[in-house]
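**Q** Here's a structure for you.
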Amino acid sequence: AAEVGKCDLMIAVTSADETNLLCCMVARKLGCPHTIARIRNPVYAEETYLLREELGLSMTVNPERTTAKEIFGLLQYPSFLKREPFAKGRAEIVALPVRAGGKLDGMVLSDLYTSLKVRVLVCAVERNKEVYIPDGSFRLEVGDHIYVTSTVQSLLQMVKWIGMETQKIRSVMLIGGSRTAVYLARMLADAGIHVKLLETKPDRCEELSADLPKAEIINADGTSINTLLTEGIEETDAVVPLTNMDEQNMVIAMYANSRRVPKVVTKINRGEYCALLPANEAECVVTPLQLTSTNILRYVRAMQNSQATNVRTLHRLVGGKVEALEFGVTADVPFAGVPLRDLNLRKNILVAGIIRENGKTIIPSGNDSFCAGDDVIIVTTNTDLTDLRDIMARG
């Protein structure tokens, strides 16, 4: 009745994995060429990868696993507030805060580039809920969140230079035995990081103990201040509240910050709650809904690839207000070989990185240009880019 056979894409996100799988199978049989299913059960997730064609699946999304991967990436490099990899990890865009009294406080970006011994590019600045695509004359202020692109090594050198380098994470306290906690605990344990997980339900603790033999499972109320103190919240390197209630996660995060825990990552399902957190505690928040919707949006852009566009990957920054897109440069791009300073780019377009075919990463200046075979990172507040040619101003 809904004529799914005439649709380009069908997305099944009911609460039951089995229903989602069945929807995709039926939709494909009725002629819908692309289907996406939300699959939360880890057992199904492993099997559907092998049986994707038989089940009529183009893509699966798992919000819990995606969230765990995002948090794990932030714990690997605790100085960063956000991390978005490009070109198979050869370049990244990361978020950093501007602290009072720090080297970035009041600095003009042209002076930053002159002072640093490594090449980085500030491609976006969030200030008082406004977003700016800055040029060299832009002056940073306390409270800004800056989005910087370069190689991971150069970004770590920048963090060290501005005095924001933090200690390596060796122990993590997880609050709540959710599926996200299970995924994250496995990743952390495999990386040699000690995991202490607090869960209130005894039967769930038994399950977690069997599933996570490398983790320390504690049957205790992680929302209790006495429990957190007893279990050593002041000695741990990182705290991640992963209960199913945003309000509990927010309160635990605020308490952990008050005890000066080096790294606190807060999972919040309802993004509007971020505005209720104090500025310093809203810095490192992960929202499963936003992560999942971004993954689906990437697939939709990839679908458009077959319609003559050349978007490779897409990341949404600053709560979706900014898009960072990776384009492939084809031989027919008319402005290949032209120095960037001579290009008439649209407003709020920034060329943030060029990755050569040999893997060399270039943080571009006005003298650099695109070559066929390059991957190019474009950062913009415009959300209508589907082809590299769209970066040019009309006429």
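The values are calculated or read from the model by the stated rules, or taken from the named source; none is laboratory data. Values in this document were obtained by computation on a predicted structure and should not be read as measured data. Here Cβ is always computed from backbone atoms with ideal geometry, including for glycine, and neighbour counts include all displayed protein chains. Surface accessibility is based on the protein's heavy atoms, side chains included, excluding ligands, DNA and RNA. Shrake-Rupley method; radii C 1.70, N 1.55, O 1.52, S 1.80 Å.
**Q** Determine the equivalent ellipsoid of segment 158-277 by diagonalising the alpha-carbon gyration tensor, then write out the semi-axes as square roots of 5 times the eigenvalues, largest first, rounded to whole Å. Walk me through the numbers before you get to the answer.
**A** Values: eigenvalues 102, 67, 38 Å².
Working through the eigenvalues yields semi-axes of 23, 18, 14 Å.
**Q** Related question: What nm value, rounded to one decimal, do you get for the distance between GLN153 and HIS194 when each label is placed 7 Å out toward the C-beta?
**A** My value for the distance between the label points is 3.3 nm.
**Q** Excluding ligands, DNA and RNA, what is the solvent-accessible area per residue of segment 240-395 at a probe of 1.4 Å, expressed in Å²?
**A** Accessible surface, normalised per residue, equals 45 Å².
**Q** What does the accessible area of LYS129 come to, in Å² to the nearest 10, when a probe of 1.4 Å is used?
**A** 140 Å²
**Q** Students often get this wrong: which residues of segment 237-258 have the backbone nitrogen under 20 Å from the point 7 angstrom along Cα-to-C-beta of LEU276?
**A** Counting only backbone N, you get 240-258.
**Q** So what is Rg over Rh here for the chain, counting just Cα atoms and using Kirkwood for Rh? Could you put the intermediate results ahead of the total?
**A** Values: Rg = 22.4 Å, Rh = 22.8 Å.
Reported Rg/Rh (Cα atoms, Kirkwood Rh): 0.99.
**Q** So how far apart, in nm, are the two label points at LYS321 and GLN248 if each is 7 Å from Cα heading toward Cβ?
**A** Distance between the two pseudo-spin positions: 3.2 nm.
**Q** While we're on this one: What fraction, in whole percent, of alpha-carbon pairs in segment 1-83 exceed 22 Å separation? Kindly include the intermediate steps, with their values, before the conclusion.
**A** Numbers: 1205 of 3403 pairs.
The share of Cα pairs beyond 22 Å in segment 1-83 comes to 35 percent.
**Q** Please compare each pair in LYS117/LYS196; LYS69/LYS360; LYS6/LYS129; LYS69/LYS347; LYS214/LYS321 to a cut-off of 30 Å on the Cα-Cα distance and tell me which ones are over it.
**A** Numbers: LYS117/LYS196 39 Å; LYS69/LYS360 26 Å; LYS6/LYS129 40 Å; LYS69/LYS347 34 Å; LYS214/LYS321 40 Å.
Over 30 Å Cα-Cα: LYS117/LYS196; LYS6/LYS129; LYS69/LYS347; LYS214/LYS321.
**Q** Ignoring everything except DSSP H segments at least 4 long, calculate the 222 nm mean residue ellipticity for the chain; use -39,500 (n - 2.57) per segment, divide by total residues, nearest 500.
**A** On the way: 10 runs with 112 residues, N = 395.
The per-residue figure over the chain is -8500 deg cm²/dmol.
**Q** What FRET efficiency do you get for ALA16 and ASP203 if R0 is 25 Å and r is their Cβ-Cβ distance, rounded to the nearest 0.05?
**A** Values: r = 23 Å, r/R0 = 0.90.
With R0 = 25 Å, the Cβ-Cβ based efficiency is 0.65.
**Q** Residue-wise, which Karplus ³J(HN,Hα) couplings in Hz belong to segment 190-197, taking 6.51 cos²θ - 1.76 cosθ + 1.60, θ = phi - 60°, and x for glycine or proline?
**A** 3J(HN,Hα) across segment 190-197, in whole Hz: 5, 8, x, 9, 6, 10, 10, 10.
**Q** Whole number in Å², please: accessible area per residue of segment 113-238, 1.4 Å probe, ligands, DNA and RNA not counted.
**A** Numbers: 6230 Å² over 126 residues.
Value for segment 113-238: 49 Å² per residue.
**Q** Heavy-atom accessible area of HIS145 with all protein chains present, probe 1.4 Å, nearest 10 Å²?
**A** Surface open to solvent at HIS145 totals about 30 Å².
**Q** Assuming 0.36 nm per residue, please report the length gained on full extension of the stretch LEU291 to CYS371 beyond their Cα-Cα distance.
**A** On the way: separation 80, 0.36 × 80 = 28.80 nm, distance 3.19 nm.
Full extension of this stretch gives 25.6 nm more.
**Q** Based on C-alpha coordinates, I'd like the Rg and Dmax of segment 77-177, in Å.
**A** In order Rg, Dmax, the Cα atoms of segment 77-177 give 14.2, 48 Å.
**Q** Same structure, new question: Enter the accessible area per residue of segment 1-84 (Å², integer; probe 1.4 Å; all protein chains in place). Display every interim value, and only then the final one.
**A** Numbers: 4420 Å² over 84 residues.
With the other protein chains kept in place, segment 1-84 gives 53 Å² per residue.
**Q** Still on this structure: Please report the carbon-and-sulfur percent of the accessible area for the chain; probe 1.4 Å, protein heavy atoms only, DNA, RNA and ligands left out. Each step should come with its number before you reach the end.
**A** Values: 9300 of 18740 Å².
Solvent-exposed carbon and sulfur of the chain make up 50 percent of the total.
**Q** Which shape class applies to segment 294-376: rounded if a/c is under 1.5, otherwise prolate when a/b exceeds b/c and oblate if not, where a ≥ b ≥ c are the square roots of the Cα gyration tensor eigenvalues?
**A** Working: a/c = 1.75, a/b = 1.38, b/c = 1.27.
Prolate, since a/c reaches 1.5 and a/b exceeds b/c.
**Q** With all protein chains present, calculate the accessible area of CYS274 using a 1.4 Å probe and round the result to the nearest 10 Å².
**A** For CYS274, the solvent-accessible surface is approximately 40 Å².
**Q** Along Cα→Cβ, 7 Å out, is where each label goes; now give me the distance between the ones at ASP8 and ARG99 in nm to one decimal.
**A** Those two pseudo-labels are separated by 4.6 nm.
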